[in-house]
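Working notes, structure below.
The values are calculated or read from the model by the stated rules, or taken from the named source; none is laboratory data. Because the structure is predicted, anything quoted here is derived from the model rather than measured. Here Cβ is always computed from backbone atoms with ideal geometry, including for glycine, and neighbour counts include all displayed protein chains.
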Amino acid sequence: MQQRDLIDIKQTAAMLGGLHPEHVRGRLMKRADFPRPFRIAGRVMLDRLEVAKWIEMQRQPIDGRTTQKSRNTLSKPA
């Protein structure tokens, strides 16, 4: 069985740049595209890798380029 790296709401908020945990709970967790939380022993937990992937998908460049296209271009060997 695969071991998952689980994080709570406070750790999730810290990953998101220091947001308040209540913002994560009240706003972000209600978004359809946000990783689905689950309860373990009464605590709300999320998978760290899923949150990191979600953050990567939310990145928006400030210069108008698409980040995915830029990353794909840079990661392809010449």
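Summary of computed values
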{"read-out": "Region 4-29 residues that are touching a residue at least 12 places away in the same chain (Cβ under 8 Å), paired with ones that are surrounded by 12 or more Cβ atoms within 10 Å (Cβ to Cβ) and of a type in the set (D, E) (beta carbon under 6 Å, 6 or more apart)", "value": "R4/D47"}
{"read-out": "Filter result (exposed (fewer than 11 other Cβ atoms within 10 Å of the Cβ) and farther than 17 Å from K10 by Cβ) within region 26-57", "value": "K30, R31, A32, D33, R36, M57"}
{"read-out": "Residues of region 13-37 that turn out to be in a helix (DSSP H, G or I) and within 16 Å of R48 (Cβ to Cβ), as a count", "value": "7"}
{"read-out": "Residues that are modelled with pLDDT under 65, under 23 Å from F34 (Cβ atoms) and aliphatic (A, V, I, L, M), drawn from region 49-78", "value": "none"}
{"read-out": "Boolean, V44 is out of contact with any Cys (no Cβ under 6 Å at 6 or more places or on another chain), in contact (Cβ under 8 Å) with a residue 24 or more places away in the chain and part of a strand (DSSP E or B)", "value": "yes"}
{"read-out": "Tally, over region 35-64, of residues that are among the hydrophobic types (A, V, I, L, M, F, W, C) and touching a strand residue (DSSP E or B) at 6+ places or on another chain (Cβ under 9 Å)", "value": "6"}
